Every structure is written in C-alpha cells, then in structure tokens.
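The values are calculated or read from the model by the stated rules, or taken from the named source; none is laboratory data. Everything numeric here is computed off the predicted structure, so don't read it as measured data. In this analysis, Cβ positions are derived from the backbone assuming ideal geometry, glycine residues included, and neighbour counts consider all displayed protein chains.
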Amino acid sequence: MKAEQDEQLIAGPDEQLIEDAFRIMDKIRDDPVQWTYFRYREKARLDRIARENDARSEGFREGLEKALEEAREKILSGAARTLLRKKMPYDEISDLTGLTLAQINTLASGLPDS
C-alpha cells in the first residue's frame, strides 16, 4: 500500500526506473536476508555520499579561508605602501596594519626612491 502511494507521487522521465526500483524493493522486502543486505548497502552508499560532501565542504572552507587571508595581506600591504610613501614611521605603520617590521622593510625596499 505504501509503495503504491509513493509510486503515485512520482512523475517525470525517470518514472519507469523508479517504478522498477519500487517493484524490486517490494520483492526483496519479503526476504529478510536480502532486505538486510539491501539496507546495509544503501547505508554504505549514503555514508559514502556524506563523506564526499563533507570533504567537498572542507575543501571549499579551506579555499575560502586561504583566499580571505591572501586578500587581507594584499589590502594591508597596499595600506602600508601608501603610508610608507607618506613617510610614516615604520613602527606606526606596524601598529596600524599589524604587519611586522620585517614585512614593512620588505615593502619599503620595493618602493621607488622619491
């Protein structure tokens, strides 16, 4: 009865495939061994999909964090270069940007002398 209700909700080009799947499920449901095997295989399949989705999300998060850090460094370096051109003392630039004195020295060495 439940399978018939589920089948009535199905529409679209894959309808025949889904109907076939319901028929197979109805057949194996009568055999406890096959039904248990089916449930374990389905659980394994869903677990694999979940692991893949978790890995994909983790990779996306790591990529986003890296991109944000690179953008932050670029913005702070640009601000430091502007302050260097205005002849602001290195320690003040460090306080404002959070860059180390070594990083500021490296940026200063790349600026043209004026």
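Against the numbered list (1) closer than 30 Å to residue 105 by Cα; (2) in a helix (DSSP H, G or I), residue 87 comes up short only at (2). Being within 35 Å of the chain's Cα centre (by Cα) and either in a loop (DSSP other than H, G, I, E, B) or touching a residue at least 12 places away in the same chain (Cβ under 8 Å) (or both) is the filter here, so list the residues in segment 66-84 that pass it. Within segment 66-84, 76, 77, 79, 80, 81 meet the criteria.
Screening 111, 64 for residues that are in contact with a helix residue (DSSP H, G or I) (Cβ under 8 Å, 6 or more places away or on another chain) and surrounded by 10 or more Cβ atoms within 10 Å (Cβ to Cβ) leaves exactly one candidate, 111. Here is the figure for segment 1-15: residues that are under 35 Å from the mean Cα position of the chain (by Cα) and either modelled with pLDDT of 60 or more or assigned to a loop (DSSP other than H, G, I, E, B) (or both) total 6.
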